[in-house]
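The values are calculated or read from the model by the stated rules, or taken from the named source; none is laboratory data. Since the structure is predicted, the reported quantities are computational estimates derived from the model, not experimental observations. Reconstructed Cβ throughout: ideal geometry from the backbone, glycine too, with neighbour counts over all protein chains shown.
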Amino acid sequence: MKKGKKRYIMITIIFVCIILFIINFMRYEFLQEDLLFFQFFNSRNQSESKVNGKKDVVEEFTERGTSIKMISFHIQYQNRKLKALNLSDTVDNKTLVYEKIAPGTSGRFDILLTSNEDLNYKIEFESKSEKPTNLQFYTAENEKSYHSLEELGEDLTGIVLKKEEKTIPVHWKWEYEISEEQDKQDTLEAKKIREYDFLIYVQGY
């Protein structure tokens, strides 16, 4: 093989190696930048969600021997947040039937609102499962019963003050033995339903 041809091959190999090195170096730089951006974004979200040491979380506490779910929302202006919840996770253990919601069961979950400024708020719900007909909801603020969470949400508006921790308890109960016709309906629905999933939305404005 001629010397000129060998030299050409060597130069080509060296050139390809340099190109590969540059490409890998650039990829590394981009990955580092992406990692730094992710760390910054994550830390920013965490710092924004904290108020009085609390975050947007689902917690559990015990009251009079009953475990109660508390869903915390740190609200901000023109910011809409949501949480998913299963009603079977909020059943009062004293009324629990085979670890599922059923006629005669009841329960409660609390919505905790915090903010770094005085804000109006609105709470909305979206059912993701079919609701039992006789399942009703109510709050501690009035004696009115609501036939759906969506109906309840129409009345859940108000003001949360700066640094305030505002708790809104939501109670529910599956009424039974109301009438013979409704008892038949309860029996049919109890056979096919085990869980009731829904979403909670909180809007600050």
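Condition check: at pLDDT below 70 and surrounded by fewer than 14 Cβ atoms within 10 Å (Cβ to Cβ). Does L20 satisfy that?
In short, no.
Kindly indicate whether E60 is modelled with pLDDT under 90, within 18 Å of the chain's Cα centre (by Cα) and not in a loop (DSSP other than H, G, I, E, B).
Spelling it out, E60 is indeed modelled with pLDDT under 90, within 18 Å of the chain's Cα centre (by Cα) and not in a loop (DSSP other than H, G, I, E, B).
Report the residue count in the range 166-189 for those that are out of contact with any Gly (no Cβ under 6 Å at 6 or more places or on another chain) and either hydroxyl-bearing (S, T, Y) or not assigned by TED's automatic domain parsing to the domain that holds H74 (or both).
Result for the range 166-189: 3.
Just the residues that are of a type in the set (A, V, I, L, M) and either touching a Ser or Thr at 6+ places or on another chain (Cβ under 8 Å) or loosely packed, with under 12 Cβ neighbours inside 10 Å (or both), please, taken from the range 189-198.
I193
Would you mind finding the one in K166, K162, K131 that is of a type in the set (D, E, K, R), farther than 25 Å from A102 by Cα and surrounded by 13 or more Cβ atoms within 10 Å (Cβ to Cβ)?
K166
Within the bounds of the range 139-148, is there any residue that is more than 17 Å from I193 (Cα to Cα) and of a type in the set (A, V, I, L, M)?
Yes - at least one qualifying residue is present in the range 139-148.
Using the structure shown, decide if K69 is touching a His at 6+ places or on another chain (Cβ under 9 Å), at pLDDT 75 or above and surrounded by 14 or more Cβ atoms within 10 Å (Cβ to Cβ). It would help to see each step written out before you state the result.
Details: touching a His at 6+ places or on another chain (Cβ under 9 Å): no; at pLDDT 75 or above: yes; surrounded by 14 or more Cβ atoms within 10 Å (Cβ to Cβ): yes.
No, not satisfied.
K122: among the basic types (K, R), in the same structural domain as H74 (by TED's automatic domain parsing) and assigned to a loop (DSSP other than H, G, I, E, B), yes or no?
Here the answer is no, as K122 does not meet what is asked.
Assigned by TED's automatic domain parsing to the domain that holds F198, modelled with pLDDT under 90 and closer than 28 Å to G204 by Cβ: which single residue out of K83, K100 fits that description? It would help to see each step written out before you state the result.
Details: K100 fails: closer than 28 Å to G204 by Cβ.
Going through K83, K100 in turn, the sole match is K83.
With respect to D92, determine if the residue is at pLDDT 90 or above, of a type outside the set (A, V, I, L, M), in contact with a Ser or Thr (Cβ under 8 Å, 6 or more places away or on another chain) and surrounded by 15 or more Cβ atoms within 10 Å (Cβ to Cβ). Steps first, answer last, please.
Working: at pLDDT 90 or above: no; of a type outside the set (A, V, I, L, M): yes; in contact with a Ser or Thr (Cβ under 8 Å, 6 or more places away or on another chain): yes; surrounded by 15 or more Cβ atoms within 10 Å (Cβ to Cβ): yes.
So D92 fails the test.
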